[in-house]
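Beneath this line is the structure, given in structure tokens, with notes to follow.
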Amino acid sequence: MRPMIELDQLTKRFGTITAVDNVSMTVNAGEVLGFLGPNGAGKSTTMKMVAGFLDPTSGRASVCGQDVGTDPVAVKRRLGYLPEGAPTYGDMTPASYLRFIAEIRGFDGAERQRRVDAVVEKVSLEEVLHQPIETLSKGFKRRVGLAQTMLHDPPVLIMDEPTDGLDPNQKRHVRSLIREMAHDKAIVISTHILEEVQAVCSRAVIIARGKIQADARPDELRAKATNHNAVLIITTESDAGPIKSKVGAMAGVSNIQTEQKSDSIVHIRVFPKKGQQISGQIGDLLRAENLTAREMFVEQGALDDVFWDMTAETKQGGNRNA
Amino acid sequence: MRNIRIIAKREFASYFGTPLAYVFIVIFLALTGSMTFFLGAFLFRGQADLQPFFVYHPWLYLLLVPAVAMRLWSEERKTGTIENLMTLPISTHEAVLGKFLAAWAFCAIALFLTFPIWITVNVLGDPDNGVIMASYLGSLLMAGAFLAIGSCMSALTKNQVISFIIAATACFLFTMSGLDIVLNFFRAWTPDWFVETIASLSFLTHFNAVTQGLIESRDIVFFVSLIAFWLFANILIVDLKKAS
């Protein structure tokens, strides 16, 4: 595992506001890191500092061993950076824009053409290659931005909300592009779409108010959800009472919630004690007591809930049904 | 150098990607022509020189050059493309110089297209072509100085209109500073050396010296150092304000 991005106590203050507060982390080659957080949490600011667009107030960032503060041009050479909203020159065509990017990245002649052709094919821009960018749809504009980011096949990619505002098919396309590139690069994407983290990321970092709140694999994060491994039993009203009392008496159960869904249907959610698997026991118990459950699930826990718990300013606590 | 050339090439092409370039060139040519013939009485002076042509250049540039410069950085900041540009492997001075040179080359083309008047004066009489060459050079240098001011002001704001107004005002002060109206204001309460310093910053003084055929190194040095100063300020401002 080679460390590709290293942040060391990175801090950025704007006046009295601390946008990024003492953030330290390392991203290795082969990782796709999902950078999660509510708006204004400091995601973009952190990314801009790594890309060399913003200078940190204190701390340092380095990419491939090069310090962003002392040698920004060397860092920018190794980096593909997609700013939020993927801005591009609207009066240029994708062809002329990508040629410009290729030239400034140091490619000439046949190599320049080869790079442009390869990236155009990768993001499927062929049909709009010679139309002004400002006349293109949002999806195509975003693809032009993505093409710009990966034209020089950089070892490190930083993309600020790469799928924001795209339709579901375009999102899927962008995600598969990211997955294809993932095996030998270090990729950081920021997002507030949690399904995206599950779909493409090997690691998730949650940031709120400038501080890292969590840093784990997406499935580890999900395990932190309050309803992780909870068992949901859907049953009739008549059976609900006995089920509640029998299951509630089990050793591994910490809590039970019930919810009347309609006249005859009741949802019973059984929370296990920490680390316990109770679905098997519940199944056995129901059979033994001859009680019928219409359906029974083991819940995985949703990233949304973990995200909420870690980032919400004011927690509503007991009012929430997990 | 390579990066400056690439940036300049892109920027130059983008002038012609919008109607701005054509509108500017047409207006510039129409105004230089009409001022020369009507205000300058080119045909009735009985002198074969281009004095009535060049004398209005400072006033034309005052209005037109900030219009060329205003988009250089304001637009990048407004559309957010500055974030792309400044995360490419180039340094700030390369970006500033590339953009400036593109705008300057554009002004040079507009100025070059006034060549029919040079031909006209040669057909009608026997002018001193050395003086005319010098005047063209002086005019181009002065356009460069206006542009450097405009480019620097453009880096200050996202708003092109504001950048135009600030740049035009700054250019106006530099143009006027040699005239008595401005100098009398300072004479009353500042020491002589200060008044002389202000007078020496005047575009008009230096430009008129050049158009009279006196190419002195101090006039060239004046414009070149003014360009250098404003571009240096431009680099600092881009670095400071690019992300705000």
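Read-outs throughout are calculated quantities, based only on the coordinates presented, and are distinct from any laboratory measurement. Only a predicted model underlies this, so the values are computations on that prediction, with no experimental measurement involved. Neighbour counts are summed over all protein chains in view; Cβ atoms, including those assigned to glycine, are modelled from backbone coordinates with ideal geometry.
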Checklist entry - Among the DSSP beta bridges whose two residues both lie in chain A, what percent are antiparallel, rounded to the nearest 5? => result 65
Checklist outcome for this item: Counting sequence-distant residues (5 or more places) and residues on other chains, those with an amide H built under 5 Å from that of A:Val253 are A:Lys273
Next on the checklist: Explain nothing, just the number: relative contact order of chain B, from Cα pairs under 8 Å at least 6 residues apart, as a whole percent.
Outcome noted: 27
Checklist entry - If you put +1 on each Lys and Arg Cβ and -1 on each Asp and Glu Cβ, how big is the dipole of chain A around its Cα centre, in Debye rounded to 20? => result 440
Checklist outcome for this item: Expected integer from the mean partner chain Cβ neighbour count at 10 Å over A:78-89 is 4
Item to check | Cα centroid separation - segment B:1-19 against segment A:122-160, whole Å | outcome: 20
Checklist entry - Where does helix B:20-34 land angle-wise versus the long Cα axis of chain B, in degrees 0 to 90, nearest 10? => result 20
Checklist entry - Can you work out the FRET efficiency for the pair A:Ala95 and B:Val23, with r the C-beta to C-beta distance and R0 = 25 Å, to the nearest 0.05? => result 0.45
Checklist entry - Label points 7 Å out from Cα along the Cβ direction at B:Asn184 and B:Gln47: separation in nm? => result 2.6
Checklist entry - Which is farthest toward the positive dipole end of segment B:2-243 among B:Ile166, B:Leu85, B:Ala21, measuring Cα position about the Cα centre, with Cβ charges +1 (Lys, Arg) and -1 (Asp, Glu)? => result B:Leu85
Checklist outcome for this item: When the charge dipole of chain A is computed with +1 on Lys and Arg Cβ and -1 on Asp and Glu Cβ about the Cα centre, the Cα farthest towards its positive end, among A:Val205, A:Leu157, A:Pro168, belongs to A:Val205
Checklist entry - For helix B:115-124, what angle does its Cα long axis make with the longest principal axis of chain B, in degrees from 0 to 90 and rounded to 10? => result 10
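Placing unit charges on C-beta atoms (Lys and Arg positive, Asp and Glu negative, everything else neutral), compute the dipole magnitude of segment A:155-259 about its Cα centre in debye, rounded to 20.
320
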Next on the checklist: Using the crude model of +1 on Lys and Arg Cβ and -1 on Asp and Glu Cβ, and no other charge, please compute the dipole size for the protein assembly as shown relative to its Cα centre, in debye to 20.
Outcome noted: 800
Checklist entry - Can you give the average number of partner chain beta-carbon atoms within 10 Å of each beta-carbon in peptide A:151-157, as a whole number? => result 0
Checklist entry - Rg (Å, one decimal) plus Dmax (Å, integer) for the alpha carbons of segment B:1-128? => result 18.2, 58
Checklist entry - Once you put a point 7 Å from the Cα of A:Glu220 and another 7 Å from the Cα of B:Phe16, both along the Cβ direction, what distance in nm separates them? => result 5.7
Checklist outcome for this item: Ordering B:125-137, A:199-211, B:165-177 by per-residue average of other C-beta atoms within 10 angstrom, highest first, gives A:199-211, B:165-177, B:125-137
Checklist outcome for this item: Over its alpha-carbon atoms, chain A yields an Rg and a Dmax in Å of 24.6, 79
Checklist outcome for this item: the protein assembly as shown: Kirkwood hydrodynamic radius (Cα pairs, Å) comes out at 28.3
Checklist entry - Taking +1 at the Cβ of each Lys and Arg and -1 at the Cβ of each Asp and Glu, which of B:Leu97, B:Phe222, A:Tyr89 sits farthest along the dipole of the protein assembly as shown towards its positive end, judged by Cα position relative to the Cα centre? => result A:Tyr89
Next on the checklist: Can you compute the modelled spin-label distance between A:Arg179 and B:Phe115, with each label point 7 Å from Cα toward Cβ, in nm?
Outcome noted: 6.1
Checklist entry - How big is segment A:137-177 in terms of Cα radius of gyration and Dmax, in angstroms? => result 10.1, 29
Checklist outcome for this item: Partner shielding of A:63-73, taken as the mean number of other chain Cβ atoms within 10 Å, equals 1
Checklist entry - Which value at 222 nm does the protein assembly as shown reach when only helices count, each DSSP H run of 4 or more adding -39,500 (n - 2.57), with the total divided by all residues and rounded to the nearest 500 deg cm²/dmol? => result -16000 deg cm²/dmol
Checklist entry - Where Rh denotes the Kirkwood radius from the mean inverse Cα pair distance, what is Rg over Rh for segment B:2-243? => result 0.99
Item to check | Karplus (6.51, -1.76, 1.60) ³J(HN,Hα), θ = phi - 60°, over segment A:199-205, in Hz, Gly and Pro reported as x | outcome: 6, 10, 8, 9, 8, 10, 10
Checklist entry - Going by alpha carbons, how many degrees (0 to 90, nearest 10) lie between the helix axis of A:237-248 and the longest principal axis of chain A? => result 80
